[in-house]
Each structure stands twice: as C-alpha cells, then as structure tokens.
2 protein chains.
Amino acid sequence: MLALRRERAPWLLSNDSLGLVALPDTYQSFEKGKEMIRMLYLLVKPEGMSDEQFKRECVRHDEMSHGIPGLLKYEVRLVAEQPTDTHVPFFDIGHVDAIGECWFENEEAYQRYLDSDIRKTWFEHGKTFIGKLKPFRTEAVSSRHGE
Amino acid sequence: MLALRRERAPWLLSNDSLGLVALPDTYQSFEKGKEMIRMLYLLVKPEGMSDEQFKRECVRHDEMSHGIPGLLKYEVRLVAEQPTDTHVPFFDIGHVDAIGECWFENEEAYQRYLDSDIRKTWFEHGKTFIGKLKPFRTEAVSSRHGE
C-alpha cells in the first residue's frame, strides 16, 4: 500500500520546488505505538431550531475552531440519512442532526485545549445550538492503526 | 493553510526520487464541489460477548475490509470512554462499543460495493459480532469542505 514513511510528522514535509505539502489528514501519529486523542460527538439540535439555522451554526462552529490551542483538527458533518434497514438488529437511538470529531496530538495538547479561554468561548457557542450531546473518546482497535 | 492542490487525486501523486507519496487520508475529493460518500456506524456488541472477543472481531473485520470493491477506506475504532459531564444536556443513548466509518469515492463506487459478493461476505461476518447497529450517512456542512 502507498504510504509516506518518515521520521518526522508527515505534514511537516514540504518541497518548495515541487510545490508539494503533505496534509495532516489522518492525524495518526506516525511515531510507532503513539496515537492521536480523538473525541467523537453526536449532536441533536434544540427543539424548534430550523435545519437552516442549525447548519449555519455548525458552519460558524467550524470557523470558530480554527486557532484553538491544542486542537489539531475539528470536523463537523451533517447527518443526511439514517437508514433503518440494517443487516443486524437496528440500534434505535432517535434522531441525530450532526456528528463532530476533535483530534489532539497528545494528552498535553488536550489539556492545553481544555484550559484555553478560546476553547471556553467555543463551548459557549456550542450551548446556543446544541440541544443534546453524546461524546465518545475512541481508540484504535490494534497497534497496527498507529503505524 | 498548508494544502496539496493538484488536478489529480492527491493520493496518486508520487515522486520516486524523494520517496514521497501523499496518502489518501481525508478521502475528500479535491475536485471542487465533489465530496466522498461517508457512512458512519455505531456498533454495540451482542449480550454476553467479552470485550476481548469483540476487539478481535473488530480487528478481523478491519482486515476483511481490504480489497472490497468500491470501498475506498474503512476504519473501526473502539469506544474507550463515554463522558456524561457535558456542557450542554447529555444525550443518553446507552452504551456503544465501537464506531466504524466507510468512505466511497462516488455513487458508482458505492453501488459497486453494495453489489459485491466480497462485501456480502463481510456483512455476514458483521452478523457474528455486531449486536446492534446505527448507521448514518453524513455530508459536509458547507461546500468549503469539498474544496
């Protein structure tokens, strides 16, 4: 499989003559055995909020995420479809409006994020458009994912 | 922001003299306005299955995902923590054991995946270790994400 293998974090690589810069896309550390901290969130909009307003607030929340100390990446996506015709028993949790995910390089970065005033302002914005929230901290199923 | 901008899909780039290959990590199409199809799944293990067996089956499911027609990427991660001390009302959906995600380049690839016998065998394996399943099809909150 194609792979970028370097000692340094791949997104720090650049070659000006080629104009190539590798993006920090998986946010998996390439240091063997070391993995990013990842938090995933299910978001439900408040009762009475229109889809349009919720979407605008998600866009705004995404914009506000830039520059938060310790936060390597934030992504929020709208839920477009919620199929129920599953091949195994359906897990009925009710309606979800969006799914967010946060990436942190390590515990130190995560703590820096938690302590940050910019992060606190970001969470205050969250209170204006998130009716209900379900957080998950996730981890790789095997060390192979950290390689 | 650092970015790789090319006409071609970035993960097809390579430069042997540098030994650099860009990874297909975001699986966002770089063709403007075009976005990957992404499906996210909440997985609950069957009653009575040990965490160890569930983890082994997740690893196996990940291994089986390689080479499935139309499936660009599959990722499954274990749920490590489920915090309840949220800054907005908590969305209590009960216990979740893992979260999976599938990436497809477009509708044609997704259909090829659905029609594939290898995919059907993969789903049969899913029946052996997924007690309950909640699928979501997600989409970008704005076209900026597809750029």
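A few comments on the model shown:
- Residue list for segment B:72-123, filter: under 16 Å from residue B:60 (Cβ atoms) and of a type in the set (A, V, I, L, M, F, W, C): B:76, B:78, B:98, B:118, B:122, B:123
- Of the strands (runs of 3 or more DSSP E) lying entirely inside segment A:61-147, the ones with 1 or more residues being more than 7 Å from every other protein chain (Cβ to nearest Cβ) and touching a residue at least 24 places away in the same chain (Cβ under 8 Å) are found at A:73-81, A:98-104.
- Filtered residue count, segment A:93-125, keeping only those that are closer than 17 Å to residue A:76 by Cα and loosely packed, with under 12 Cβ neighbours inside 10 Å: 2
- Residue in segment B:129-136 that is at pLDDT 95 or above and within 25 Å of residue A:123 (Cβ to Cβ) present: yes
- Residues that are within 10 Å of chain A (Cβ to nearest Cβ) and either touching a residue at least 24 places away in the same chain (Cβ under 8 Å) or assigned to a loop (DSSP other than H, G, I, E, B) (or both) were ranked within segment B:49-60; the one that is nearest to the chain's Cα centre (by Cα) is B:58.
The values are calculated or read from the model by the stated rules, or taken from the named source; none is laboratory data. These figures come from a predicted structure and were not determined experimentally. Glycine gets a Cβ as well: all are built from the backbone with ideal geometry, and neighbour counts include every protein chain shown.
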